[in-house]
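Single-structure report; data block below.
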Amino acid sequence: MRLATLLGPDGPVAVRVEGDSGVVIPEVSLLDLIDLGAEGLALAARASGPRVALEPERWLAPIPLPRRNIVCLGLNYADLAAESARARGRPVSLPEVPLFFTKATHTVNGPYAPIPFDASVSSDIDWEAELAVVIGRRGKNIARAESRDYIFGYAVLNDVSARDLQTAHGQFFKGKSLDGACPLGPWIVTADELPDPLHLPIRCRVNGVVKQESNTDQLIFDVPAIVEWLSRGLTLDPGDIIATGTPGGVGFARTPPEFLKPGDVVETEIEGIGMLRNPVVATGESIARPGA
Ligand code: MG
């Protein structure tokens, strides 16, 4: 199933996407459905509520406000690790264990919603196409072989990154956590419909020009390994979102570096899941620099 969250006449509704419309799953959010486990999947499958049209302005992220931060992996494709090291003048080294960081919950943004741009906060806004994993069941110390039992489904995610903030603040969190910096969706493809998420073409286009082009088979730590490493001594909960890392081709590592600007359109696509299409839009705000 493809499960999404759309803005209905009375607020957000969970839907099962069928063809060019969504069948409303009454009285539950998509997060509620995930919490319900197998019962939630059955409820979604048999829902026969009213249909809503899939107009772009109706789409929200499948989980519009997660309960806790999105867990992300850094340097999880070898080509990205190499180009990042080159761009920062450091020797190339591949991680021996996954590099984890998080994005704040208010980064989550709709699959077709604007990516906010405020030059007074950051002018080095970059793209990162990623496979997102949505956890479906509480677990800790999950063995690789059992990892599939804990996954609800998969989505496309753009780990939008403010590179100047990432550098200035000496840690990933702030540069990764601006509001709206995590377009997600367009839906969650349930795990039963995507038995092999590890051989999917993944790409990012800016204004129709391909910037990233890879395959999820290039992940250094694949999805079972990520779940195993992350859950060691750390409880994962239903609805947790894991961004699995991005391939090479990001803006800051290009010569010369390239960043997004108002008017740009970013398309983030994983074959077999779907595509996000987000315009970059100036907020018109101007935030005074603290201490200035
Ligand atoms: Mg990333």
Among (1) more than 17 Å from the chain's Cα centre (by Cα); (2) under 27 Å from Leu36 (Cα atoms); (3) not acidic (Asp, Glu), the one test that Gly251 misses
(2)
Restrict the check to region 258-267 and report whether at least one residue is touching a helix residue (DSSP H, G or I) at 6+ places or on another chain (Cβ under 9 Å), open to solvent by 10 Å² or more (accessible area, probe 1.4 Å) and either more than 27 Å from Ala162 (Cβ to Cβ) or part of a strand (DSSP E or B) (or both).
no
For region 146-170, which residues satisfy the criterion of being open to solvent by 60 Å² or more (accessible area, probe 1.4 Å) and in contact (Cβ under 8 Å) with a residue 24 or more places away in the chain?
Arg148
I need the strands (runs of 3 or more DSSP E) fully contained in region 196-246, keeping only those with at least 2 residues that are open to solvent by 30 Å² or more (accessible area, probe 1.4 Å).
201-206, 209-215
Checked against (1) touching a helix residue (DSSP H, G or I) at 6+ places or on another chain (Cβ under 7 Å); (2) in contact (Cβ under 8 Å) with a residue 24 or more places away in the chain, Leu80 satisfies every condition except (1)
If we take region 113-188, then strands (runs of 3 or more DSSP E) inside it with 2 or more residues that are away from the ligand (no atom under 16 Å from the Cβ), closer than 29 Å to Gly40 by Cβ and in contact with a Gly (Cβ under 9 Å, 6 or more places away or on another chain) are 129-135, 151-158
Does Gly110 count as within 16 Å of the ligand (Cβ to nearest atom) and crowded, with 16+ Cβ neighbours inside 10 Å?
no
Inter-residue pairs, beta-carbon under 8 Å, first more than 20 Å from Pro95 (Cα to Cα) and in region 241-256, second assigned to a strand (DSSP E or B) and of a type in the set (Lys, Arg), 6+ apart
Gly251/Lys211
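The values are calculated or read from the model by the stated rules, or taken from the named source; none is laboratory data. No experiment lies behind these values; they were computed from the predicted model shown. Every residue, glycine among them, receives a Cβ derived from its backbone with ideal geometry; neighbour counts consider all protein chains shown. Note: accessible area is taken over every heavy atom of the protein model, side chains too, but ligands, DNA and RNA are not part of it. Shrake-Rupley method; radii C 1.70, N 1.55, O 1.52, S 1.80 Å.
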